[in-house]
Amino acid sequence: MTSLLTFRLHGTIPAATGRELKAELRQDQEAGTDHRRAQKQFFARFDAVLDRAPIGASYFESEKMAEVLAGEIMMLEETGFTVHGFAILPNHAHIVLELPDNSGLSFAKAIDLLHLRTGTNCRRLVRPKLPPEAEFWQVGWFEYEVQDAAELNRLLAYVRGNACTTGLPARFQEWPYVND
């Protein structure tokens, strides 16, 4: 199974906005919108809020912090996953990740481990700014299952171009933390 996973730093979507996004998803589902279409619409709204970065930390503007996350993403390959591509933006990341059939692995365990390891290592880099009890990652993530090769190509193009379409400076569009 291959999925697009998006996860974000703690507090990067205002609570009221998060509730509105979830309510819109419920409304779409109750109105009979196809499940996949509703998920795509939810993701588009969710990612647009993250791309505008209205609140919260933007730790991955620091190349050292982005290096920590990129290294951990690539380590997923050592555990049996296939990383098709990823992008690290100031306050969130996208990964297109394949879970081999019958591997005994799960996206939940992989992301939990990624959160734990990057949270621990990144805290060391921001120690004076982030108290030990403060959350680094927002709990959970968005997952969208890839249906076929054409959709995989579209998602990888989205991940590659996300920094450009959000208007981030050229250094984000060209930096090494966009991989495919």
Exercise. Is it the case that some residue within segment 41-60 is of a type in the set (G, A, S), touching a strand residue (DSSP E or B) at 6+ places or on another chain (Cβ under 7 Å) and surrounded by 14 or more Cβ atoms within 10 Å (Cβ to Cβ)?
Worked result: yes
Problem set entry | Among the candidates R154, R160, residue that is closer than 19 Å to A66 by Cβ and open to solvent by 40 Å² or more (accessible area, probe 1.4 Å) | R160
Exercise. Does segment 45-58 include one or more residues that are modelled with pLDDT of 90 or more, part of a loop (DSSP other than H, G, I, E, B) and under 17 Å from the mean Cα position of the chain (by Cα)?
Worked result: no
For this session: Consider N102 carefully, then state whether it is polar (S, T, N, Q), within 21 Å of R36 (Cα to Cα) and open to solvent by 70 Å² or more (accessible area, probe 1.4 Å).
Result: no
Problem set entry | A87 among the aliphatic types (A, V, I, L, M), open to solvent by 20 Å² or more (accessible area, probe 1.4 Å) and under 15 Å from the mean Cα position of the chain (by Cα) | no
Exercise. Can you find a residue in segment 25-37 that is acidic (D, E), assigned to a helix (DSSP H, G or I) and without any contact (Cβ under 8 Å) to a residue 12 or more places away in the chain?
Worked result: yes
For this session: Write out, first by first residue and then by second, each pair whose Cβ atoms fall under 9 Å of each other, whose residues are 6+ apart or on separate chains, and whose first residue, in segment 10-24, is touching a residue at least 60 places away in the same chain (Cβ under 8 Å) and more than 21 Å from A38 (Cα to Cα) while the second is charged (D, E, K, R) and not in a helix (DSSP H, G or I).
Result: H10/E135; G11/E135
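The values are calculated or read from the model by the stated rules, or taken from the named source; none is laboratory data. All values reported here derive from a predicted model rather than from experimental measurement. With ideal geometry, Cβ positions are generated from the backbone for all residues, glycine too; neighbour counts draw on all protein chains shown. Heads up: the accessible areas ignore ligands, DNA and RNA and are worked out on the full protein's heavy atoms, side chains in. Shrake-Rupley method; radii C 1.70, N 1.55, O 1.52, S 1.80 Å.
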